[in-house]
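The values are calculated or read from the model by the stated rules, or taken from the named source; none is laboratory data. The structure presented is a predicted model; accordingly, all values stated were derived computationally and were not measured. Positions of Cβ are backbone-derived with ideal geometry, glycine not excepted, and every protein chain shown enters the neighbour counts. The accessibility values were calculated without ligands, DNA or RNA, using every heavy atom of the protein model including side chains. Shrake-Rupley method; radii C 1.70, N 1.55, O 1.52, S 1.80 Å.
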Amino acid sequence: MANKVELEKELQELGLNEQTPREIVEELDKYIVGQEDAKRSVAIALRNRWRSRKLADDIRDDVIPKNILMIGSTGVGKTEIARRLAKLVKAPFVKVEATKFTEVGYVGRDVESIIRDLMQISVRMVRKQRTEEVKDKATENANERLLDILVPEPKRTQNPLSKLFGGVETAEAPKTEEPVADTNNAGRDFVKKRLAAGKLEEQVIELEVADHGKPMVGMFSGSSLESMGDNLQDMINGLMPKRTRKRKVTVAAARKILEQEEAEKLIDMEEVAETAVKLAERSGIVFFDEIDKVAVKGSSSGPDVSREGVQRDILPIVEGSTVATKYGPVKTDFILFIAAGAFHTAKPSDLIPELQGRFPIRVELKSLRKEDFEKILTEPQNALIKQYKEMLKTEGLTLEFKSDAIDRIAEMAYDVNEQAEDIGARRLHTLLEKLLEEVSFSAPDMVKEGKTEVVIDAAYVDEKLSEIVKSRDLSNFIL
């Protein structure tokens, strides 16, 4: 029973919660319209991770995640599904574009940097969690340090002849020490009460803070020496004495700085690194975008050789290997890899066979219809119309969209995607930005003139967008 409790605690710590596939899909539905097949696939993959951790030791390490290949046009929700999934389970998530590994030199950036980036995110997550755990103690310590700054202890001076004759220290205060202590304690208690009541938050004090200086940026970036650059930076920081500088800040700002410093003292960074490695290995999600851009059909030469080289460099990471990071070696065997691409000019079969075999689950995302655009505009928690309404509300302007306006915008988005390049839901961003350009520009002046509400109906949409949508040449440039 004790082992089971420890396992459950470890699962929660690693971000592997007990949400069922149905619950995961319901959460994704709050942000992504349609694409049920893709949602089901990622939900099953996530649940299988949880299931694998429940297995006996002799079989657990043999069950590896089933990586997913998403196929669909841009703007249909591929990236959003992966990003929301990572947030949902509080897992380390890194998004990389496969084309980045062809832009520098022959085969591009060192692919192992993907895992190093994932580790940085994992460490940040664990560190944040540990900071929350010691927050109360850190706040208590920070308040004590604030009191020391606001009510400093009486300075003591040393008799210059004490080194020769064994003299003792004397206080720069009245001769009797007891009254000094009483006065100081009374003042400290008074300031402590005022500090606790929040009456000193705006008082400016002088605070000594660490000066980290300028980090070495970019010395080894884009090369296989990236990890060496990180280690060299850490080594230099460890050898150099810590520098400090004085800043004048309010008590409220000083408390935040001191809380952070005290939290760092209370956190065991070795334990953070060990936990972060486990978290990255067992919960990490890597999203390869634009994977179709490195697909090559048949044997070719020139830049296509670089593309195939990228696939062969990615392969060991996906197959399972050990990557050296400054926090320790990280095994990639149990990291979930999700790849995505439009595959307009290439096909999944154009990827090298070894890489194809490492993405056994393939999901085709459908192009968005007019009905999907209507839902995207209104239903998700981060719906575009909701965003514009809240933005303009900060100016004191109320924005109201009639149902016929939403219908017309969705129709235009669908038509332009059919006539021009299909960019999915991103088309709505360009249409709405053009539609509300005049309102966004004139909102402060309108409120000053007493106009606090703007109603958007189908006639307004036609007035602002119909000419652009009709002219295909013009829409190619603007929309």
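Could you grab me the full set of residues in the stretch 172-213 that are in contact with a helix residue (DSSP H, G or I) (Cβ under 7 Å, 6 or more places away or on another chain), open to solvent by less than 50 Å² (accessible area, probe 1.4 Å) and at pLDDT below 65? ALA173, the sole residue that qualifies. Here SER73 fits the description: over 24 Å from the mean Cα position of the chain (by Cα) and buried (at least 16 other Cβ atoms within 10 Å of the Cβ). Considering only residues in the stretch 423-453 that are of a type in the set (Val, Ile, Thr) and without any contact (Cβ under 8 Å) to a residue 60 or more places away in the chain, the one that is most open to solvent (accessible area, probe 1.4 Å) turns out to be THR452. Restricted to the stretch 230-339, the set of helices (runs of 4 or more DSSP H) holding at least 1 residues that are closer than 23 Å to VAL42 by Cα and either open to solvent by less than 80 Å² (accessible area, probe 1.4 Å) or at pLDDT 75 or above (or both) comprises 269-283, 303-319.
Note on the stretch 379-388: residues that are in a helix (DSSP H, G or I) and in contact (Cβ under 8 Å) with a residue 12 or more places away in the chain total 3. Among the residues of this structure, ALA420 counts as one that is touching a Ser or Thr at 6+ places or on another chain (Cβ under 7 Å), over 14 Å from VAL454 (Cβ atoms), surrounded by fewer than 19 Cβ atoms within 10 Å (Cβ to Cβ) and not aromatic (Phe, Trp, Tyr). Considering the stretch 42-57, the residues that are at pLDDT 80 or above, out of contact with any Ser or Thr (no Cβ under 8 Å at 6 or more places or on another chain) and not hydrophobic (A, V, I, L, M, F, W, C) include one that is most open to solvent (accessible area, probe 1.4 Å), namely ARG51.
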